[in-house]
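Visitor: Below are the structure tokens for one structure; questions will follow.
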Amino acid sequence: MDEREFFDERSDKKPANLSCPHCHQSAEYEIQWLVRMKKKSLPPRADDRDRAKFAKAQSYMLRRDDMMMCKNMRCRKRFEITGVQSVAFLADGLPAAGP
């Protein structure tokens, strides 16, 4: 079985306060995340190895955006997001709370 069959996927946007390294102006940006929530039960065709993988699986979020464009109209340069982690694990059963 593919690992993606253990999770329900959805897209989500979370706000983050980032600072442009070029103009040093900070602003709030919407960062796109892929949220993978662990399913309640395993599909019926799973074997023993799949059951072991499913028992260890956790819900998590993956950051989709790596670059942002500065909101300052004079700057507008693209910068890499470095202050926000790229993977965040979630407590099972709880909605995704910020990055």
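Visitor: Of the listed peptides 43-54, 69-80, what is their order by residue-averaged count of other C-beta atoms within 10 Å, with the highest listed first?
Guide: 69-80, 43-54
Visitor: Also, quick follow-up: Tell me, what ³J(HN,Hα) does each residue in region 56-62 have, in order and in whole Hz, if you take phi through Karplus 6.51 cos²θ - 1.76 cosθ + 1.60 with θ = phi - 60° and put x for Gly and Pro?
Guide: Per residue, the Karplus-derived 3J(HN,Hα) values read 8, 5, 10, 6, 7, 10, 10 Hz.
Visitor: Please give the peptides 20-27, 33-40, 61-68 ranked by average Cβ packing (other Cβ atoms within 10 Å per residue), highest first, as a rough proxy for protection.
Guide: By packing density, highest mean first, the sequence is 33-40, 61-68, 20-27.
Visitor: Also, I was wondering about something else. Shape verdict for region 3-85, please, from the Cα gyration tensor: rounded (a/c under 1.5), prolate (a/b greater than b/c) or oblate.
Guide: Since a/c reaches 1.5 and a/b is larger than b/c, the shape of region 3-85 is classed as prolate.
Visitor: A further question on this structure: Run the reach check for Lys40 against lysines, Cα to Cα strictly under 21 Å, same-chain hits fewer than 8 apart removed. What comes back?
Guide: Within reach: Lys53, Lys56.
Visitor: Quick one: net charge of Asp65's neighbours, Cβ under 13 Å, K/R +1, D/E -1?
Guide: +1
Visitor: Now, a different point. What aspartates and glutamates does Lys13 reach when the alpha-carbon gap must be under 13 Å and sequence neighbours fewer than 8 apart in one chain are set aside?
Guide: Glu28, Glu30, Asp65
Visitor: Now for a different question. Relative contact order, percent, of region 1-48 when contacts are C-alpha pairs under 8 Å separated by at least 6 residues?
Guide: Reported relative contact order: 43 percent.
Visitor: Percent relative contact order of region 3-85, based on C-alpha pairs within less than 8 angstrom and at least six residues apart?
Guide: Result for region 3-85 is 29 percent.
Bear in mind these aren't lab numbers, they're just calculated from the coordinates by the rules spelled out. No experiment lies behind these values; they were computed from the predicted model shown. All Cβ positions, even for glycine, are placed from backbone atoms using ideal geometry, and neighbour counts span all protein chains on display.
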